[in-house]
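Take a look at the structure set out below.
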Amino acid sequence: MRLWAREPVVVDGIRNERRNPLFNSQFELAPNISVTGDLPEALAGADVAVLAVPSKFMRSFMPGVADALRARKDSRPLRIISVIKGLLFDPTEQVSACAARELEGIPHSWLQLCGPNLSVEIMQGQPAASVLASHDEAAAKELQAELSTPRLRLYTNRDPKGVEACGALKNILAVASGMVCGLGLGLNSRGVLLTRGIVEMRRLLPVFGGDPETLHGLAGIGDLIATSFSENSRNFRAGVEFSKGQHLKEVVGD
């Protein structure tokens, strides 16, 4: 298993200490995980790639991915799993649309992984489940079997647009939930916020090409519950800080 990292400090930290010094540094990584700062090297010979970059970097990142895939000697279609939960702006665009434009002509299957999967709890080995959505049902079924573990159950879904939209929209409600908490308001207030927010999410899913029924699964309400109530959720914590008067750049950085 190969991991690509943009930051040299992450590459060095994993190579030398078996830990990511910037993210979840309390966990030692498995010995079968290697790391590189070279994207073509990371993708060479791979049949599955997990895309986990922040959504704001997608437009600058994907051309490099496309170039690396075109240079590959392996002609097998690459199965790409996106775990990105966000939207692109100016103009508004889903991550999958940006990727499809850059990967045009490159054989691949696109899958969206989403659900209540807070990274700290996953790395602790706590039980969890997620949904793996794709129009390529065969690829989804294969990866469901390959990636499921006794503590992480994967379900398949044929609505990748809806799953992706849920993953982005629930973040907005999670920030608002953190703000409600930070302002000292009670669960009645949060119950109203999230319930009415679910109604708005259902109305918005068709705008992104998704099925409103997807909202009622792991990618929708399941992920919303975890993200809106957990101190391990970055969006929830950001909302708490906003409620204290912190500026956006102070909370999330540049």
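Tabulated data
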read-out: Pairwise Lys count, the chain - Cα closer than 20 Å, eight or more residues apart or different chains; value: 9
read-out: For the range 49-65, Karplus couplings with θ = phi - 60° (6.51, -1.76, 1.60), whole Hz, Gly/Pro x; value: 10, 9, 9, 9, 7, x, 4, 5, 9, 4, 5, 8, 8, 5, x, x, 4
read-out: Area accessible to solvent at residue 12, 1.4 Å probe radius, in Å²; value: 80
read-out: By average C-beta atoms within 10 angstrom, highest first, the peptides 93-101, 134-142, 242-250; value: 93-101, 134-142, 242-250
read-out: Calculated from backbone phi, Karplus (6.51, -1.76, 1.60) coupling profile of the range 191-197 in Hz, x at Gly/Pro; value: x, 5, 4, 6, 5, 5, x
read-out: Rg/Rh (Cα only; Kirkwood hydrodynamic radius) as it applies to the chain; value: 0.96
read-out: Amide hydrogen neighbours beyond the local backbone of residue 49, cut-off 5 Å, H modeled; value: 79, 80, 81
read-out: Amide N proximity, the range 152-184 versus residue 141 label position 7 Å along Cα-to-Cβ, cut-off under 17 Å; value: 154-159
read-out: Where 151, 158 fall by accessible area, highest first, once all protein chains stay in place (1.4 Å); value: 158, 151
read-out: Equivalent ellipsoid dimensions for the range 116-254 as semi-axes, Å, which come from the Cα gyration tensor, largest first; value: 28, 18, 13
read-out: Whole-Hz ³J(HN,Hα) from phi, Karplus 6.51 cos²θ - 1.76 cosθ + 1.60, for the range 28-35, glycine and proline x; value: 7, 7, 4, x, 7, 9, 9, 9
read-out: 5 angstrom amide H check on residue 185, placed H, neighbours 5+ away; value: none
read-out: Solvent-accessible area, 1.4 Å probe, carbon plus sulfur percent, for the chain; value: 55
read-out: Packing-based order for 231-238, 119-126, 59-66, 159-166, using average beta carbon neighbours within 10 Å, highest first; value: 159-166, 231-238, 59-66, 119-126
read-out: Other-chain or far-sequence residues with amide H under 5 Å of residue 132's (modelled H); value: 155, 156, 157
read-out: Charge dipole of the chain about the Cα centre (unit charges at C-beta), most positive-ward option of 69, 163, 49; value: 163
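The values are calculated or read from the model by the stated rules, or taken from the named source; none is laboratory data. The structure presented is a predicted model; accordingly, all values stated were derived computationally and were not measured. Neighbour counts run over all protein chains shown; Cβ positions are idealised from the backbone, glycine included. With ligands, DNA and RNA removed, areas are computed over all heavy atoms of the protein, side chains included. Shrake-Rupley method; radii C 1.70, N 1.55, O 1.52, S 1.80 Å.
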